[in-house]
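Visitor: Sharing a structure here in structure tokens format.
The values are calculated or read from the model by the stated rules, or taken from the named source; none is laboratory data. Keep in mind that this is a model prediction, so the values were computed, not measured. Cβ placement follows ideal geometry from the backbone for every residue including glycine, while neighbour counts extend to all protein chains displayed.
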Amino acid sequence: MLFIVVFATASIVSLTGVAEGKAKTAMVCSKSAIDLRMNMRMLWEDHITWTRNYIISAVADLEDAGKVAERLLKNQDDIGDAIKPVYGDDAGKKLTVLLRDHIMVATEVVKAAKAGNDEELTKANKKWYANADDIAVFLSGANPNWPKKDLEDMLYKHLEYTTQEVVSRLKKDWPSDIKAYEKGHTHMLMFADTLTDGIVKQFPDKFKK
């Protein structure tokens with residue numbers, strides 16, 4: 001239903017402001033562009049959803065934590081595969097490696113926070129933000145429509161919302177936990193749309209009506 005609302009709106013206006021006022025979503029005119037947008041949203045929604053599932057399982061010491069982590073890592077493979085048709089196999093593999101690092105460090109953040117180990121948490125957070133910088137450098141280098149600073153800001157915000165989820169769950173502050181997830185979910189869809197808009201703008205011939 002969310003996708004239907006988004007595309008119905010896109011058919012009415014040529015430019016629509018999206019979350020946080022940072023991106024403009026151009027009217028989707030071709031099936032290939034619509035397919036790309038839907039796929040990107042699905043992949044990054046999986047990213048935020050499986051991340052939350054992992055946080056819940058890891059904090060509560062549930063038996064499924066390992067399997068959930070495996071599914072979350074598969075999502076990083078899927079995202080890397082999604083850019084291969086436009087940027088090539090090497091670029092797709094590179095993005096997968098960066099995103100897998102993002103997830104592995106996230107598990108370190110959760111572990112340190114749960115143990116109350118501030119020293120390890122500081123180290124993990126430093127690695128996490130450095131990884132976000134690496135992702136921003138890689139993506140901005142691939143597409144001039146993705147400014148490095150904008151990507152950094154969006155990735156940092158993703159880390160911020162994820163951290164809020166972890167901290168809120170550890171404190172059993174359920175309203176704050178839910179709020180952080182909802183904000184993070186909306187933010188991730190905006191990030192997905194930003195990537196789609198950049199690809200369509202960079203390769204207009206691939207997405208003609």
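Visitor: Give all pairs with beta carbons closer than 8 Å in which a residue from segment 109-121 that is without any contact (Cβ under 8 Å) to a residue 60 or more places away in the chain meets a residue that is part of a helix (DSSP H, G or I) and basic (K, R); count only pairs at least 6 apart in sequence or on separate chains.
Guide: Note: pairs meeting the criteria are A112/K123; E120/K111.
Visitor: List pairs: first in segment 153-174 and under 19 Å from N53 (Cβ atoms) and free of Cβ contacts under 8 Å to residues at least 40 places away in the same chain, second surrounded by 19 or more Cβ atoms within 10 Å (Cβ to Cβ) and among the charged types (D, E, K, R), Cβ under 7 Å, 6+ apart or cross-chain?
Guide: Final answer for the pair search is S168/D177.
Visitor: Also, quick follow-up: Evaluate the following for I34: is it of a type in the set (V, I, T) and either touching a helix residue (DSSP H, G or I) at 6+ places or on another chain (Cβ under 6 Å) or modelled with pLDDT of 95 or more (or both)?
Guide: So I34 fails the test.
Visitor: With respect to F191, determine if the residue is under 23 Å from Q76 (Cα atoms), surrounded by fewer than 20 Cβ atoms within 10 Å (Cβ to Cβ) and among the aromatic types (F, W, Y).
Guide: Working: under 23 Å from Q76 (Cα atoms): yes; surrounded by fewer than 20 Cβ atoms within 10 Å (Cβ to Cβ): no; among the aromatic types (F, W, Y): yes.
No; evaluated as a whole, the condition is false for this residue.
Visitor: Here's something else I'd like to know. Across segment 63-97, what is the total count of residues that are crowded, with 19+ Cβ neighbours inside 10 Å, under 24 Å from G198 (Cα atoms) and of a type in the set (A, V, I, L, M, F, W, C)?
Guide: 4
Visitor: Here is a further query. Out of (1) more than 18 Å from T96 (Cβ to Cβ); (2) in a helix (DSSP H, G or I), the odd one out for N145 is which?
Guide: For N145, the exception is condition (2).
Visitor: I need every pair where a residue in segment 42-54 that is farther than 17 Å from V167 by Cα has its Cβ under 8 Å from the Cβ of a residue that is of a type in the set (G, A, S), sequence separation at least 6 or different chains.
Guide: Listed pairs, sorted by first residue: L43/A82; L43/A192; W44/A192; E45/A192.
Visitor: Scan (1) over 22 Å from E70 (Cα atoms); (2) within 14 Å of the chain's Cα centre (by Cα); (3) not acidic (D, E) for the single condition A132 breaks and write down its number.
Guide: Failed condition: (1).
Visitor: Still on this structure: With L139, L170, L151 as the choices, which residue is under 12 Å from the mean Cα position of the chain (by Cα) and either among the aliphatic types (A, V, I, L, M) or in a loop (DSSP other than H, G, I, E, B) (or both)?
Guide: L151
Visitor: Got at least one residue in segment 134-144 being surrounded by 14 or more Cβ atoms within 10 Å (Cβ to Cβ), touching a residue at least 12 places away in the same chain (Cβ under 8 Å), over 24 Å from R41 (Cβ atoms) and among the small types (G, A, S)?
Guide: Among the residues of segment 134-144, not one is surrounded by 14 or more Cβ atoms within 10 Å (Cβ to Cβ), touching a residue at least 12 places away in the same chain (Cβ under 8 Å), over 24 Å from R41 (Cβ atoms) and among the small types (G, A, S), which makes the answer no.
Visitor: Let me ask something additional. Scanning for something touching a residue at least 12 places away in the same chain (Cβ under 8 Å), among the aromatic types (F, W, Y) and under 21 Å from G184 (Cα atoms), does segment 87-102 turn up at least one residue?
Guide: No.
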